[in-house]
Amino acid sequence: MSGDYGEVPIKCTGVAIVLLKKIENEYKALLLKRSTSILNNVWCYIGGGIKEGELAWESALREVKEETGITKVLLYTTNKFDQIYSPKENYIYVAPVFVGYVEEQQEVTLNYEHNEYKWLSLKEAIAMVSLPGNDEVLMSIEKHFVMRNPSEYLRIEN
């Protein structure tokens, strides 16, 4: 047995964002229903790739604008990550998760990537997300960003 082992590379080329909006005194999370070949008909939060020259949080704000039309976001990092293993390419995809608070009057305008959206209580959103791990991300967000005020150390000044 030699000491040579195969390696599964870790790639961080994207971001994920959960938007929160206070509706009738309760925070609701935005879920989108995918309408593209990747994850078609899957309910998920916002996600997308990091473009060359962008910081991850800049990508998060751009993706929010592209996928929802929302431009006014109070952004925080969550210290949580989406993780997916791709058996086809043999790598682990990791994406930092951000939380964005939006004002109640903000409207959602979907782009071609999604055909439906819902603002759901965290409990409803946790039950509705399709991918393993998304529920754990939402539970953490509920604990640290809904049930209590988030730490200012996590706030992103933009």
Fill in: Helical mean residue ellipticity (222 nm; -39500 (n - 2.57) per DSSP H run of 4+; nearest 500) of the chain
-5000 deg cm²/dmol
Worksheet, complete the sentence: Given a 1.4 Å probe, the accessible area of region 46-158 per residue, as a whole number of Å², is 59 Å²
Worksheet entry | Portion, in percent, of the accessible area of the chain that falls on carbon or sulfur, probe 1.4 Å | 50 percent
Discussion item. Taking the Cα centroid of region 87-158 and of region 1-47, what is the distance between the two, rounded to the nearest whole Å?
Written reply: 8 Å
Discussion item. Just to confirm the filter: which GluC sites (Glu not before Pro) across region 1-85 are DSSP coil and have at most 12 other Cβ within 10 angstrom of their Cβ?
Written reply: 7, 24, 52
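Name the trypsin sites (Lys or Arg not before Pro) in region 78-158 that are in a loop by DSSP and that have at most 14 other C-beta atoms within 10 Å, would you?
88, 148
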Worksheet item: When N counts the residues of region 31-158, how does its alpha-carbon radius of gyration compare numerically with 2.2 N^0.38 Å, as a ratio?
Response: 1.04
Worksheet, complete the sentence: What the Cα atoms of region 1-93 span along the principal axes, largest first and in whole Å, is 63, 30, 25
Worksheet, complete the sentence: Rounded to the nearest 10, the angle in degrees between the Cα long axis of helix 56-68 and the longest principal axis of the Cα atoms of the chain comes to 60 degrees
Response to the item:
Along region 116-126, Karplus-curve 3J(HN,Hα) (6.51, -1.76, 1.60; θ = phi - 60°) to the nearest Hz, with x for Gly and Pro, reads 7, 9, 8, 8, 10, 4, 4, 4, 5, 5, 4
Worksheet item: So how far apart, in nm, are the two label points at residue 52 and residue 109 if each is 7 Å from Cα heading toward Cβ?
Response: 3.0 nm
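The values are calculated or read from the model by the stated rules, or taken from the named source; none is laboratory data. Fair warning: this is a prediction, and the values are worked out from it, not measured in the lab. Note: ideal-geometry Cβ built from the backbone for every residue, glycine included; neighbour counts use all protein chains shown. Accessible surface areas use protein heavy atoms only, side chains included; no ligands, DNA or RNA. Shrake-Rupley method; radii C 1.70, N 1.55, O 1.52, S 1.80 Å.
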